[in-house]
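S.K.: Let me begin by handing over the structure; questions about it come next.
The numbers here are math on the coordinates, done by the rules we state, and not lab data. These numbers come from a predicted model, not from an experiment. Neighbour counts are summed over all protein chains in view; Cβ atoms, including those assigned to glycine, are modelled from backbone coordinates with ideal geometry.
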Amino acid sequence: MGHHHKNDMAAGDHRKEEKHHKHMEQLAKLGAVAAGAYAIHEKKQAKKDPEHAGSHKLKEEIAATVAVGSAGFAFHEHHKKKEAKKHGHHH
């Protein structure tokens, strides 16, 4: 959702926006956990499969980067959710 001034939205719109950001935060957390788990899996595969260790290490690094990005997005959505909640209570 875009940036809104508190006077531009009805109270119900703020609740809807808050729910949207909560949902996005939860999805981002799930993505962070899944990518983190995959990174750990690839790290173990690199040890088990020395012949393809380079490929596994690359996949591990990419998955770890995705996990950090997802966690950052979850943090961003958490902030947006709090902002929507704060603006919704001013009505």
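S.K.: Quick one: what Rg and Dmax do you get for the stretch 12-86 from the alpha carbons, in Å?
M.R.: In order Rg, Dmax, the Cα atoms of the stretch 12-86 give 16.7, 58 Å.
S.K.: Same structure again: At H76 and L30, where each label point lies 7 Å from the Cα along Cα→Cβ, what is the point-to-point distance in nanometres?
M.R.: Once both label points are built, they end up 1.9 nm from each other.
S.K.: Here's a follow-up. How much net charge surrounds E42 when only the other residues with a Cβ under 11 Å from the Cβ of E42 are counted, with Lys and Arg +1 and Asp and Glu -1?
M.R.: Working: positive: K43, K44, K47, K48, K57, K59; negative: D49, E60, E61.
Once all neighbours under 11 Å are counted, the net charge is +3.
S.K.: Quick one: net charge of G72's neighbours, Cβ under 12 Å, K/R +1, D/E -1?
M.R.: It works out to a net charge of -1.
S.K.: As an exercise, use a Förster radius of 22 Å and the Cβ-Cβ distance of T65 and I40 to find the FRET efficiency, rounded to the nearest 0.05.
M.R.: Efficiency, rounded to the nearest 0.05: 0.95.
S.K.: K57: net charge of surrounding residues, Cβ under 12 Å, Lys/Arg +1, Asp/Glu -1, itself excluded?
M.R.: Details: positive: K43, K44, K47, K59; negative: E42, D49, E60, E61.
The answer is 0.
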